[in-house]
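Q: The structure's right below; bear with me while I get my questions together.
The values are calculated or read from the model by the stated rules, or taken from the named source; none is laboratory data. This is a predicted model, so every value here is computed, not measured. FYI the Cβ positions are ideal-geometry reconstructions off the backbone, even for glycines, and counts take in every protein chain you see. Note: areas computed on protein heavy atoms with side chains; ligands, DNA, RNA excluded. Shrake-Rupley method; radii C 1.70, N 1.55, O 1.52, S 1.80 Å.
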Amino acid sequence: MKRIAVLLLSFAFASSLFAAPTQRYIVMTRAHVGAGHALDMIRGITPEAQPESRDITTFNIIEGFAADLTADEAAALKKTPGVRYVEQVIERHAMDAGGGSAPAVEATSTQTVPFGIDLVHARDVWPVTRGRGINVVVVDTGVDYHHPDLAAIFAGGYNTYDKSTNPMDDNGHGTHVSGTIAAQDNDVGVVGVAPDVHLWAVKVLDSSGSGTTDKIIAALDWIEAKKADLGGDWVLNFSLGATQASTAERAAFGKAVDSGLLICAASGNESTDTVPAPVGYPAAYRGVLAIGAVDKSLNIASFSDQGPELAVVAPGVAIRSTLPVGTGSISSVTSGSTTFTASEVELSKKGTVTAAFVDCAQGHAGEFPASVAGRIALIQRGDISFNEKAHNALDAGAIGIVIYNNTVGDASSLGFTLNNATDPAASTTSWPVTVAVSQTDGATILASKGTITITNTADDYGTLSGTSMATPHAVGVAALVWSAAPLLSASDIGHAIMNNADDLGAPGFDTVYGNGMIDALRAAKSVAPASFGSPATPPAPGSRPRSVRRR
């Protein structure tokens with residue numbers, strides 16, 4: 001008897017070792033289901049299924065649930081009465097394109113106004129409203145709600161990973177987006193488009209900036225519940241997406257739009273200088289305002305996705321905004337009386353180093369003179385990785401490194417890194433202070449004499465580019481416009497923004513710029529003319545934009 005029991009236990013253990021792997025699925029049903037009913041449906045196929053191994057999330061905004069299933073279970077559920085369809089979750093990613101050219105960084109002891117604030121004419125609306133009363137939700141990597149530019153307006157949030165009310169940002173993307181919308185006008189750091197809104201955050205992307213469609217739907221669920229509880233006008237920022245549509249996600253966004261939420265989403269960053277990419281999802285869904293990116297000169301950003309679904313464009317190149325406290329950097333190189341803008345090389349030590357510099361060419365092992373020991377190595381980009389250059393500099397005894405670019409362009413946010421796949425210890429190596437400067441500034445430093453000072457200090461702000469950065473400009477404008485006319489619908493506000501955009505590119509609507517560049521003042525005047533001393537007649541509620549087509 002004991003032998004049989006042991007054999008049965010051994011068989012069960014062996015079976016568990018070879019259990020089919022699970023993946024995340026969304027199961028759309030014909031009626032709402034609770035967690036218990038969802039588990040019963042799975043147990044109808046796999047009787048031994050346990051809730052802790054299935055991570056079931058039920059939805060309210062759509063009928064259905066998400067769960068970890070095997071491929072066979074998913075196939076069987078498709079044939080179950082009451083199930084409409086089953087689909088694997090689809091990845092969604094933060095829509096930033098990294099750094100971008102920017103002017104020299106100002107000291108954060110005083111406040112600066114990022115150029116995008118005036119490009120969208122936000123300050124022209126501030127005498128009337130700064131967004132007071134509007135609820136803005138940043139659906140992203142979370143937010144650093146301790147940040148001095150965000151703490152006072154943070155209203156709360158949700159974390160779809162641990163299902164808690166703590167949406168702390170462990171990536172930085174959501175905090176950057178939040179600052180563009182609503183950084184406080186407090187004489188510190190930067191200021192946002194609409195600094196008086198109520199700021200909410202829902203964390204749907206992880207520390208790497210990636211998430212899945214089931215978490216997006218869970219976010220919409222939470223927001224709908226919060227709106228039902230508190231009332232008011234709600235604007236949602238989705239600076240995320242991907243190229244593939246989701247049936248379940250499409251249905252959820254449709255319900256959210258129909259319920260009166262105003263949703264703006266990044267068009268995507270898949271385009272190149274020569275090949276435009278189509279608008280991604282969720283931006284391309286019905287009723288969502290797809291936002292493209294332009295630079296300071298109102299030229300379309302090379303990365304900005306395009307198409308008939310594009311609503312408007314907004315500033316999205318070299319946007320300075322908030323980052324989680326202490327994770328940004330201010331970098332520079334000073335030679336004599338001249339200070340050059342620099343960019344932190346990822347993994348660099350924070351600090352300041354003053355010493356004579358030594359020309360080390362392109363940083364090969366044989367290009368470091370003995371005199372570089374105890375001094376700063378000046379190295380040109382090219383031939384070998386930054387990681388190898390820095391290792392060679394360390395081996396030669398350099399106490400600081402300046403890498404200058406080998407192509408024309410500004411130095412800010414060059415995006416250089418000491419990480420390298422061939423060096424697994426890169427993240428734990430004690431690198432010296434390492435910064436990058438432009439080709440022009442590198443040549444100037446090389447021609448100078450004497451000592452230089454390289455600085456790389458922690459900061460709460462940073463510069464990023466992407467349609468992720470354009471979208472919060474549009475969300476901030478929407479908050480300003482809706483605050484000026486709070487009795488209008490989300491649809492009315494969206495149409496006002498599109499109908500009053502500044503036409504760019506080909507006359508009228510086009511697939512590159514959509515309806516044009518957002519203009520907060522014109523849009524606000526159109527819905528609340530009396531507040532701006534204007535006799536103009538606002539557009540009729542429900543008036544249509546020049547053109548936007550949805551997939």
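Q: With the alpha-carbon atoms as the only input, what is the per residue convex hull volume for the chain in Å³? List each step's numbers first, then the result.
A: Details: hull volume 99.8 nm³, N = 551.
Roughly 181 Å³ of hull volume per residue.
Q: Out of Asn420, Ile518, Ile117, whose Cα points farthest toward the positive end of the dipole of the chain (charges: +1 Lys, Arg; -1 Asp, Glu; placed on Cβ)?
A: Farthest towards the positive end: Ile518.
Q: Also, quick follow-up: Lysines within cross-link reach of Lys226: Cα-Cα under 29 Å, excluding same-chain residues under 8 positions apart?
A: Those lysines meeting the cut-off are Lys163, Lys203, Lys215, Lys255.
Q: If you don't mind, there's one more thing I want to ask. First check a/c for segment 314-391, with a ≥ b ≥ c the square roots of the eigenvalues of its C-alpha gyration tensor; if it is under 1.5, answer rounded, and if not, answer prolate when a/b is larger than b/c or oblate otherwise. Please report the intermediate quantities before stating the final value.
A: Details: a/c = 2.15, a/b = 1.69, b/c = 1.27.
Prolate, because a/c is 1.5 or more and a/b exceeds b/c.
Q: List the lysines whose Cα lies under 28 Å from the Cα of Lys349, skipping any in the same chain that are fewer than 8 positions away.
A: Output for Lys349: Lys389, Lys449.
Q: Follow-up. Going by the alpha-carbon gyration tensor, a ≥ b ≥ c the square roots of its eigenvalues, is segment 458-519 rounded (a/c under 1.5) or, if a/c is not under 1.5, prolate (a/b greater than b/c) versus oblate? Before the final figure, lay out the partial values.
A: Values: a/c = 3.09, a/b = 1.20, b/c = 2.57.
Oblate shape, in that a/c is at least 1.5 and b/c is the bigger or equal ratio.
Q: In whole percent, how big is the carbon plus sulfur part of the accessible area of segment 252-336, probe 1.4 Å, protein atoms only?
A: Details: 1340 of 2450 Å².
Taking all protein chains in place, segment 252-336 shows 55 percent carbon and sulfur surface.
Q: Something else: Per-residue counts of other Cβ atoms within 10 Å, averaged by peptide: what ranking do you get for 167-176, 293-302, highest first? Before the final figure, lay out each step's value.
A: Details: 167-176: 25.5, 293-302: 18.4.
By packing density, highest mean first, the sequence is 167-176, 293-302.
Q: Over segment 325-384, what is the mean sequence separation of C-alpha contacts under 8 Å (at least six apart), divided by residue count, expressed as relative contact order in percent? Working shown, then result.
A: Details: 60 pairs, mean separation 15.0, N = 60.
Rounded, it is 25 percent for segment 325-384.
Q: Over every pair of different alpha-carbon atoms in segment 27-155, take the mean of 1/r and invert it; report that Kirkwood radius in Å. Before the final figure, lay out each step's value.
A: Working: mean 1/r = 0.0506 Å⁻¹.
Every distinct Cα pair counted, the radius reaches 19.7 Å.
Q: Rounded, prolate or oblate, given the Cα gyration tensor of segment 195-261, with a/c below 1.5 counting as rounded?
A: Numbers: a/c = 2.03, a/b = 1.30, b/c = 1.55.
It is oblate, given that a/c is not under 1.5 and a/b is not larger than b/c.
Q: Hey, another quick one. Mind putting a number on the dipole of segment 75-203 about its Cα centre? Charges go on the C-beta only, +1 for Lys and Arg and -1 for Asp and Glu, and I need it in Debye to the nearest 20. Display every interim value, and only then the final one.
A: Values: 9 positive and 15 negative charges, 166 e Å.
Approximately 800 debye in magnitude.
Q: Return one whole number: the accessible area per residue of the chain in Å², for a 1.4 Å probe. It would help to have the intermediate numbers written out before the result.
A: Details: 21900 Å² over 551 residues.
On a per-residue basis, 40 Å².
Q: May I pose another question? Nearest 5 is fine: what % of DSSP beta bridges in the chain come out antiparallel, could you say?
A: On the way: 49 of 96 bridges.
Looking only at bridges with both residues in the chain, the antiparallel portion is about 50 percent.
Q: Before anything else, pin down the relative contact order of the chain: Cα pairs under 8 Å, at least 6 apart, normalised by residue count, whole percent. Each step should come with its number before you reach the end.
A: Details: 1436 pairs, mean separation 93.9, N = 551.
Taking the mean separation of contacting Cα pairs over the length of the chain, I get 17 percent.
Q: Further question on the same structure: Enumerate the aspartates and glutamates that Lys78 could reach by cross-link, defined here as Cα to Cα under 16 Å, with residues fewer than 8 away along the same chain left out.
A: Qualifying aspartates and glutamates at Cα under 16 Å: Asp40, Glu63, Asp68, Glu87.
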